[in-house]
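Enquirer: Just dropping this structure here.
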Amino acid sequence: MTAALIEQLRAAVGPAQVLTEGDLTAWEQDWRKRVRGKALAVVRPGSTAEVAAVVRACAAAGVSIVPQGGNTGLVCGGVPDESGRQVLLSLQRMTAVRSVDRENLTMTVEAGCILHTVQPAADGAGLLFPLSLAAEGSCTIGGNLATNAGGTQVVRYGNARELCLGLEVVNAQGEVWDGLAGLRKDNTGYDLRQLFIGSEGTLGIITAATLKLYPRPAAALTAWAAVPSMANAVYLLELAHERLGAGLTGFEVMGQFALSLVARHHPQLRVPFVQDSPWGVLIENSDHESEAHARGQFEGLLEAAIEMGLVTDAVVAENLAQAHQLWHVRETIPLAQAEEGLNIKHDISVPISRIPAFCEETDALLAAAIPGVRLVNFGHLGDGNLHYNVQAPEHGDALAFLNEKEEQVNAIVHDQVHKFDGSISAEHGVGSLKVDKLPLYKSAVALSMMRSLKLALDPKNLLNPGRVVRI
Ligand code: FAD
Ligand code: ZN
């Protein structure tokens with residue numbers, strides 16, 4: 001039976017693209033090395049028709065499929081389980097840019113395109129594809145859409161969901177749905193595209209997407225502000241919206257401890273104001289007039305903020321290299337945190353107005369529960385999304401901390417998120433890491449409708465089973 005399926009898969013995609021032996025770690029282990037599965041085979045189709053043939057063969061054999069793009073997901077949702085009975089379907093060979101339509105401001109690309117190659121393809125046509133995240137050198141458009149990825153420009157351009165006007169999907173029956181027409185208006189019934197976006201491979205396999213493009217700004221400037229409190233950071237955000245309007249394309253917050261880890265582990269990077277300020281805020285202003293206009297606006301914003309006492313000090317990058325340096329500090333936080341030792345990560349969102357109270361209360365609860373605990377708090381304040389991470393006390397045993405305290409820490413943080421009407425997964429998704437937490441915080445009605453959708457589209461539960469919602 002298994003041998004017959006392997007033969008069918010070889011016939012569908014060519015023998016060289018069905019991997020069953022050798023080192024399959026790159027597909028079987030997740031990015032953070034938290035889980036290691038075992039695939040029946042890694043199958044690498046090169047076209048939509050081949051994806052459909054693979055799905056039909058697996059469906060006929062009753063074998064489940066785990067779709068995978070760049071395998072950078074952070075919730076253990078894109079690797080096979082340990083059964084050795086799942087097919088790992090990698091989209092990484094489907095990398096064509098099918099078309100760019102300048103008048104429609106769209107481009108159509110295949111799901112396996114690495115994000116880092118999509119941005120220059122848009123740039124080559126004089127346009128901007130604004131999705132940007134630290135994994136962009138490895139993650140794929142298919143994975144970005146399957147997880148509805150966020151990143152650093154959401155405050156202006158939205159999540160992956162808002163950047164997609166069409167999809168091509170292979171459904172659980174192995175049929176191809178061509179929904180690629182880049183329409184900005186289409187009210188002919190349920191919006192299937194939105195259903196597949198964020199479904200983490202549980203409803204269908206995304207094979208191509210039509211993406212929204214934007215005019216390129218004339219200038220993008222970056223500023224770093226030293227801010228005395230989270231409440232002030234939220235006021236500063238309000239002021240930045242008011243002063244910069246649509247020019248506000250990024251607003252990131254970084255706690256002093258998070259920044260001190262960058263200074264400690266990457267001393268070659270200069271971290272502005274790290275000694276003196278409880279918070280750093282990174283602001284990006286994209287301007288369609290000119291650099292001088294952007295600079296003038298920025299200076300107006302920062303002067304007003306200093307006058308109001310929201311900001312104690314600030315610097316505007318003089319050139320692109322300086323701007324990259326500032327962003328590099330922000331992007332190095334996860335690495336510096338890992339170098340400091342094992343830690344417990346959270347990806348949460350709370351209504352922006354309630355973030356200061358959330359942090360104050362939750363910080364205090366954690367400090368009381370685990371004396372000496374260290375908070376690596378940073379993230380996309382413009383979207384109300386914090387990476388509210390928890391590090392073992394200094395000189396403590398980090399592994400023991402993880403083993404003994406993870407459940408307790410998660411319960412404290414997630415209960416607080418729930419109390420503040422937030423989400424326990426803002427941008428990374430559910431995968432298998434959070435699938436059993438969802439029933440604690442999501443309403444029974446919502447979960448029951450999610451199950452109904454899953455069973456309607458994938459009645460045999462063959463697509464990424466056990467992820468997002470249990471059947
Ligand atoms: P994978 O990891 O391969 O898959 C992720 C999920 O999508 C899995 O459930 C998989 O089954 C499914 N999937 C993949 N491709 C398809 C497809 N074609 N059709 C159907 N289902 C599919 N995320 C953010 O949102 N914002 C960030 O700022 C951010 N920063 C990150 C920084 C680093 C250093 C890392 C490692 C990750 C970061 N992430 C971030 C998480 C991750 O990069 C994103 O979720 C990314 O979108 C995943 O893309 P991928 O191609 O690697 O998907
Ligand atoms: Zn993030």
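Enquirer: When you go through L211, L239 one by one, which is the residue that is touching a residue at least 60 places away in the same chain (Cβ under 8 Å), more than 15 Å from ligand 1 (Cβ to nearest atom) and either touching a helix residue (DSSP H, G or I) at 6+ places or on another chain (Cβ under 7 Å) or in a helix (DSSP H, G or I) (or both)?
Expert: Unique residue meeting the criteria: L239.
Enquirer: Exactly one of these conditions fails for S432: (1) within 26 Å of A263 (Cβ to Cβ); (2) within 19 Å of the chain's Cα centre (by Cα); (3) hydroxyl-bearing (S, T, Y). Give me its number.
Expert: Condition not satisfied by S432: (1).
Enquirer: Filter the stretch 126-136 down to residues that are within 12 Å of ligand 2 (Cβ to nearest atom) and in contact (Cβ under 8 Å) with a residue 24 or more places away in the chain and give me whichever is surrounded by the most Cβ atoms within 10 Å (Cβ to Cβ).
Expert: Among them, the one singled out is A135.
Enquirer: Is it the case that some residue within the stretch 142-150 is in a loop (DSSP other than H, G, I, E, B), touching a residue at least 12 places away in the same chain (Cβ under 8 Å), of a type outside the set (S, T, Y) and farther than 30 Å from V18 by Cβ?
Expert: The answer is yes; a qualifying residue exists.
Enquirer: Would you be able to tell me the number of residues in the stretch 425-447 that are on the phi < 0 side of the Ramachandran plot and within 15 Å of ligand 1 (Cβ to nearest atom)?
Expert: Going through the stretch 425-447 one residue at a time, the tally reaches 10.
Enquirer: Can I ask one more? Scanning for something closer than 17 Å to G204 by Cβ, free of Cβ contacts under 8 Å to residues at least 60 places away in the same chain and touching a Ser or Thr at 6+ places or on another chain (Cβ under 9 Å), does the stretch 78-91 turn up at least one residue?
Expert: Yes.
Enquirer: Only one of these is more than 24 Å from N403 (Cα to Cα) and in contact with a helix residue (DSSP H, G or I) (Cβ under 9 Å, 6 or more places away or on another chain): A57, A26. Name it.
Expert: So the residue among A57, A26 that is more than 24 Å from N403 (Cα to Cα) and in contact with a helix residue (DSSP H, G or I) (Cβ under 9 Å, 6 or more places away or on another chain) is A57.
Enquirer: Return the residues of the stretch 140-149 that are within 15 Å of ligand 2 (Cβ to nearest atom) and buried (at least 24 other Cβ atoms within 10 Å of the Cβ); say none if nothing qualifies.
Expert: G143, N144, T147, A149
Enquirer: Would you confirm whether or not the stretch 80-89 contains a residue that is polar (S, T, N, Q), touching a helix residue (DSSP H, G or I) at 6+ places or on another chain (Cβ under 8 Å) and either surrounded by 22 or more Cβ atoms within 10 Å (Cβ to Cβ) or modelled with pLDDT of 95 or more (or both)?
Expert: Within the stretch 80-89 (the criterion being polar (S, T, N, Q), touching a helix residue (DSSP H, G or I) at 6+ places or on another chain (Cβ under 8 Å) and either surrounded by 22 or more Cβ atoms within 10 Å (Cβ to Cβ) or modelled with pLDDT of 95 or more (or both)), the answer is no, since none of the residues qualifies.
Enquirer: Is it the case that some residue within the stretch 311-325 is assigned to a helix (DSSP H, G or I), touching a residue at least 40 places away in the same chain (Cβ under 8 Å) and within 21 Å of V376 (Cα to Cα)?
Expert: yes
Rundown of residues vs (1) in a helix (DSSP H, G or I); (2) over 27 Å from N232 (Cβ atoms), yes/no style:
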site	(1), (2)
P356	yes, no
A364	yes, no
N389	no, no
L399	yes, yes
L402	yes, yes
D415	yes, no
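Residue-by-condition table, conditions (1) within 14 Å of ligand 1 (Cβ to nearest atom); (2) small (G, A, S); (3) crowded, with 23+ Cβ neighbours inside 10 Å; (4) in a loop (DSSP other than H, G, I, E, B):
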| position | (1), (2), (3), (4) |
| --- | --- |
| R93 | yes, no, no, yes |
| V109 | yes, no, yes, no |
| S138 | yes, yes, no, yes |
| Q173 | no, no, no, yes |
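Enquirer: Sticking with this structure for a sec: State yes or no: is A292 out of contact with any Gly (no Cβ under 6 Å at 6 or more places or on another chain) and closer than 17 Å to L236 by Cα?
Expert: No, not satisfied.
Enquirer: Considering only the stretch 420-428, I want to know if a residue exists there that is among the hydroxyl-bearing types (S, T, Y), buried (at least 20 other Cβ atoms within 10 Å of the Cβ), outside any loop (DSSP other than H, G, I, E, B) and out of contact with any helix residue (DSSP H, G or I) (no Cβ under 8 Å at 6 or more places or on another chain).
Expert: yes
Residues checked against (1) at pLDDT below 95; (2) more than 30 Å from N171 (Cα to Cα); (3) within 16 Å of ligand 2 (Cβ to nearest atom):
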| position | (1), (2), (3) |
| --- | --- |
| N385 | no, yes, yes |
| E394 | yes, yes, no |
| I412 | no, yes, no |
| V417 | no, yes, yes |
| G431 | no, no, yes |
| V445 | no, no, no |
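Enquirer: Right, something else. Pick from R193, R156: which is of a type in the set (K, R), in contact (Cβ under 8 Å) with a residue 24 or more places away in the chain, buried (at least 16 other Cβ atoms within 10 Å of the Cβ) and away from ligand 2 (no atom under 16 Å from the Cβ)?
Expert: R193
Enquirer: Would you mind stating whether R330 is in a helix (DSSP H, G or I), in contact with a Phe, Trp or Tyr (Cβ under 6 Å, 6 or more places away or on another chain) and closer than 26 Å to I283 by Cα?
Expert: When the stated conditions are applied, R330 does not pass them.
Enquirer: Okay, next question. The conditions are (1) among the hydroxyl-bearing types (S, T, Y); (2) in a helix (DSSP H, G or I); (3) over 20 Å from Y388 (Cα atoms), and S286 fails exactly one of them. Which is it?
Expert: (2)
The values are calculated or read from the model by the stated rules, or taken from the named source; none is laboratory data. This structure is a prediction, so every number in the text was calculated from the model and none was measured. Using ideal geometry, Cβ is built from the backbone for each residue, glycine included, and neighbour counts are taken over all protein chains shown.
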